[in-house]
Amino acid sequence: MSTLLVALLGVMLLPLFLSSWRMSLFGLSCQGLLLGWIAVESHTEAPTAEGWLTLFDLVVVRGLVAPGLLFAVMRARDGDGRNDVIPPNLLSWTLVGTLVMAAFSFADNLVPEAGDAQQLVAVATAGVLLGLFVLSSQSGTFSQMIGALRFENAIALLELGARGHAQPLPVRAGLLVVFLVTVGFFRWYLELLGPSAAARAPDDTPEAPTL
């Protein structure tokens, strides 16, 4: 499973350095599919109703449906394809590296024994911190949505590591419905915006000359 976690960390990081909304959605799709793969690898017993619901949530909803719905809107709204999920400068990239190192240091202290559990906590913590960084550094509508979905995927990874604290099936089903409604709201709101407003900040206006 360590290889899958390394791949998951890679698809968390790569879209931050490439200014493309397509790459951001591709990264979200890969995160969902890899989370589903990790769920399959971590459960060796016969699949249960909760297990099938988890796979549906991770692979179908997070890996295919959510990115697909946003992709359909963005393809119609944004012609140039550029979208900065974080500020494109050296300071932001340095902060990203610092957050990842802090996540691994936190996991090393929380789970002293090296192994898959420690790596899972490290990658999940990195996902949470990176999601919060996206939410705090960009005010564009689409970037905020990407940050929220990245944060949700990191929480889903933490839940995969907490197999001893599984939630009842009705609770998981309710959370899945809430997630689907949220994604539907995201799509609806993007459709209300103008052709280029989805990718820019609400207060993004041309700068006037200064004296």
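The values are calculated or read from the model by the stated rules, or taken from the named source; none is laboratory data. This one's a predicted model, so the numbers in the text were calculated from it and none came from an experiment. All Cβ positions, even for glycine, are placed from backbone atoms using ideal geometry, and neighbour counts span all protein chains on display.
For the reader, a short list of remarks on this structure follows.
- Residue under evaluation residue 92, criteria (1) under 24 Å from residue 55 (Cα atoms); (2) over 15 Å from the mean Cα position of the chain (by Cα); (3) among the small types (Gly, Ala, Ser), criterion not met: (1)
- Restricting 61, 85 to residues that are within 14 Å of the chain's Cα centre (by Cα) and under 30 Å from residue 171 (Cβ atoms) narrows the list to 61.
- Test for residue 73: is it under 27 Å from residue 142 (Cα atoms), surrounded by 12 or more Cβ atoms within 10 Å (Cβ to Cβ), of a type outside the set (S, T, N, Q) and touching a residue at least 60 places away in the same chain (Cβ under 8 Å): yes
- Pair list, Cβ under 7 Å, 6 or more apart: the stretch 86-109 residue farther than 21 Å from residue 18 by Cα and surrounded by 12 or more Cβ atoms within 10 Å (Cβ to Cβ), other residue modelled with pLDDT of 90 or more and among the small types (Gly, Ala, Ser): 103/122; 103/126; 104/122; 107/122
- The residues on offer are 39, 103, and the sole one that is at pLDDT below 90 and within 19 Å of residue 152 (Cβ to Cβ) is 39.
- For the stretch 66-82, the criterion of being assigned to a helix (DSSP H, G or I), farther than 30 Å from residue 188 by Cα and either among the basic types (Lys, Arg) or in contact with a Cys (Cβ under 9 Å, 6 or more places away or on another chain) (or both) is satisfied by no residue at all.
- Residue within the stretch 161-169 that is touching a residue at least 40 places away in the same chain (Cβ under 8 Å), basic (Lys, Arg) and surrounded by fewer than 13 Cβ atoms within 10 Å (Cβ to Cβ) present: yes
- Each residue in the stretch 1-27 was checked for being in a helix (DSSP H, G or I) and among the polar types (S, T, N, Q), and 3 of them qualify.
- Of the residues contained in the stretch 135-150, one or more are found to be of a type in the set (S, T, N, Q), crowded, with 16+ Cβ neighbours inside 10 Å, in a loop (DSSP other than H, G, I, E, B) and at pLDDT below 90.
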